[in-house]
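The values are calculated or read from the model by the stated rules, or taken from the named source; none is laboratory data. These numbers come from a predicted model, not from an experiment. Neighbour counts run over all protein chains shown; Cβ positions are idealised from the backbone, glycine included. When the accessible area is computed, the model is the full protein with side chains, heavy atoms only, and any ligands, DNA or RNA have been set aside. Shrake-Rupley method; radii C 1.70, N 1.55, O 1.52, S 1.80 Å.
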Amino acid sequence: MRRIAVSLGLAGVLLGCASSAGAVDATPLRVLFVGNSLTATNDLPARVAGLAAATGRRLEYEAITFGGFNLEDHWNQGDARAAIATGRWNVVIMQQGPSALPESQIDLRRWAVVFADEARAVRTRPALLTVWPEAYRRPALSDVIISYRSAAEAAGAQLFPAGEAWHAAWDCNARLPLYGPDGFHPSALGTYAAALVVYGRLFRAPLVEPSLRRGMKASTARLLQAAATRALGRRVPPAQRCGRK
């Protein structure tokens, strides 16, 4: 599946840190998503674009996703390489499966380095999106997190730690339904948590905002917003870590 779309924001896009006067760059942020059904389920890129639009920012994106693909598959298939080679993207965000097993960790690191070099050659910032294991292997989430951190470091890539946001959310409510019916692909809540992480890191924007609730129950939205904030390494007051006011 291959798709391109633009979210229509209200006042441009924040490409870096805004000035004290709140100035923003009017140019849309252009992001290429490369992955598999973990990105395609619930249309993660569109959810990120929706969060951007809700706060007056704009995101232009393309998603290149094939079910079951890892980064090596994308390299061999060619669409992702061709899209990167255009040089039109500010950021390319990549993911494959959980990659928790030792051999899978090696594979992720290898191909993350290959794609990162390809991206930097055309002045595109490479990034990895941390995912999660299947529900029956939920304790392996820590290994998934380590695997993606290691690969991002090896590749000199930015890390979008969605899996860490899931971990932080479950620290507050272990029964939070982040998985969909098949126990692997994300539920709407799981995708929302991932979208918050991507949006927050792309735009360097605060996440504990009523405008980002997207019709969700306020307490659940606050919990996931706080979890994503913590995953990004930002401080959340202890009393608010689990979404309490």
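For region 193-207, just list the computed ³J(HN,Hα) in residue order, Karplus coefficients 6.51, -1.76 and 1.60, θ = phi - 60°, integers in Hz, with x standing in for Gly and Pro.
Values, residue by residue: 4, 5, 5, 4, 4, 5, 4, x, 7, 4, 9, 6, 10, x, 10 Hz.
Of all alpha-carbon pairs in region 86-245, indicate the percentage at a distance above 22 angstrom. Kindly include the intermediate steps, with their values, before the conclusion.
On the way: 5348 of 12720 pairs.
Value for region 86-245: 42 percent of Cα pairs lie more than 22 Å apart.
If ligands, DNA and RNA are left out, what is the accessible area of Arg149 with a 1.4 Å probe, given in Å² to the nearest 10?
That residue has around 120 Å² of solvent-accessible surface.
Counting only DSSP beta bridges with both residues in the chain, what percent are antiparallel, rounded to the nearest 5?
Values: 7 of 25 bridges.
That works out to approximately 30 percent antiparallel.
Ordered by packing density, taken as the mean number of other Cβ atoms within 10 Å over each peptide's residues, highest first, how do 91-97, 74-80, 160-166, 107-113 rank?
On the way: 91-97: 26.0, 74-80: 15.9, 160-166: 27.9, 107-113: 20.9.
Result, highest mean Cβ count within 10 Å first: 160-166, 91-97, 107-113, 74-80.
In sequence order, what are the phi-derived ³J(HN,Hα) couplings for region 60-68 according to the Karplus relation 6.51 cos²θ - 1.76 cosθ + 1.60 with θ = phi - 60°, rounded to whole Hz, with x for glycine and proline?
10, 9, 10, 10, 10, 9, 10, x, x
Roughly what percent of Cα-Cα pairs across region 36-102 reach past 14 Å?
Details: 1413 of 2211 pairs.
The calculated P(r) of region 36-102 puts 64 percent of pairs beyond 14 Å.
What residue among Gly56, Gly35, Gly233 shows peak mean-square fluctuation when the chain is described by a Gaussian network model with Cα springs under 10 Å?
Gly233
Round to a whole number: what % of the accessible area of the chain belongs to carbon and sulfur, probe 1.4 Å?
On the way: 5390 of 10340 Å².
C and S fraction of accessible area: 52 percent.
So what is the calculated 222 nm ellipticity per residue for the chain, using -39500 (n - 2.57) for each DSSP H run with n of 4 or more, over all residues, to the nearest 500 deg cm²/dmol? Don't skip to the answer; put the middle values down first.
On the way: 9 runs with 104 residues, N = 245.
Mean residue ellipticity at 222 nm (helix-derived): -13000 deg cm²/dmol.
What accessible area per residue comes out for the chain, rounded to a whole number of Å², with a 1.4 Å probe?
Numbers: 10340 Å² over 245 residues.
With all protein chains present, the chain gives 42 Å² per residue.
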